[in-house]
Each structure stands twice: as C-alpha cells, then as structure tokens.
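J.: Here it is, the structure in full.
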Amino acid sequence: MNCLECGEKIIGRTDKKFCNDACRNAYNNKQNKDSNNLMRNINNKLRKNYRILVEVNTDGKTKVTKSKLDSFGFDFDYFTNIKIYKNGSEYRFIYDYGYKLLEDDYVLIVKNQA
C-alpha cells in the first residue's frame, strides 16, 4: 500500500494509510479546507461577539443600546442558540452570555449561571 498523501510505500501495519503524521495531517487539512474556512470565519464572529458581551456586561446583567453594540462590531446574526423562557422572553445566547432585544433600541445582556 502507498501513502495517500505522498505516494511513498508504507511500511508497517496493513491498514495504515499514511507513512507518517505529517502526511496524515496534510491530507486531512486538504480534505477539510473548504469547510474549515467557513467554520473558522463563523467561529471568529462568535468569539468577537462573545468578547464584546463580556466587556460590556460587567455586572452580570446590563442594559445597553443596540447601536453601542453595533459600534463595537457586534454581529446580531451570529449566536449559538435561542432560549425561550416560560414567560415568552426570547434570549439569543453565545455560549453562556445571552441577550434579549428590548424596545427603543435597547438590549439586555445576561450571563447564564449554570
């Protein structure tokens, strides 16, 4: 059998697909390249949103204007989940930080105590 990445003859187990870790990593990186770029971009946006919420929410529960979050570069299209509480309140979460859109351009930011 030959290495799937470099074509060198493989020595060792009969089920080996690569001659070494470098070839295995290079092959897998090529296979996942397109999805990795998309995932990397989304994860970067989630990380940026998370950092903004952490910086703004110093007291565990904070009310700010949507335009203030916009000015920091917050992207309201990216969050990890939506939680709707029994009272009908809808919060969008980025991991353990959530926010609720309020009237008059305000946003309530909370930290979920797990």
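Computed from the coordinates by the stated procedures, all read-outs in this text should not be read as laboratory data. Because the structure is a prediction, the values reported are computed rather than measured. Methodologically, a virtual Cβ is constructed for each residue, glycine included, from the backbone with ideal geometry; neighbour enumeration extends over all protein chains shown.
J.: Tell me the angle of helix 33-56 to the major Cα principal axis of the chain, expressed in degrees between 0 and 90 and rounded to the nearest ten.
T.: 30
J.: Measure nothing fancy, just the Cα-based angle from helix 21-31's long axis to the longest principal axis of the chain, in degrees from 0 to 90, nearest 10.
T.: 60
J.: Further question on the same structure: Counting only Cα, what are the radius of gyration and maximum Cα-Cα distance Dmax of segment 32-111, in Å?
T.: Gyration radius and largest Cα-Cα distance of segment 32-111: 13.4, 44 Å.
J.: Under a plain spin-label model, where a point goes 7 Å from the Cα along Cα-to-Cβ, how far apart in nm are Ile82 and Leu102?
T.: Each label point lies 7 Å from its Cα, and together they span 2.1 nm.
J.: Report, in deg cm²/dmol and to the nearest 500, the calculated mean residue ellipticity at 222 nm for the chain, where each DSSP H run with n ≥ 4 adds -39500 (n - 2.57) and the sum is divided by the residue count.
T.: -11500 deg cm²/dmol
J.: Among Gly98, Gly60, Gly12, determine the one that fluctuates most according to a GNM of the chain built with springs between C-alpha atoms less than 10 Å apart.
T.: Looking only at Gly98, Gly60, Gly12, the biggest GNM fluctuation is shown by Gly12.
J.: Another question, then. Return a whole-number percent for the relative contact order of segment 1-86, with Cα pairs under 8 Å and 6 or more residues apart as the contact set.
T.: On the way: 50 pairs, mean separation 16.7, N = 86.
Here the relative contact order equals 19 percent.
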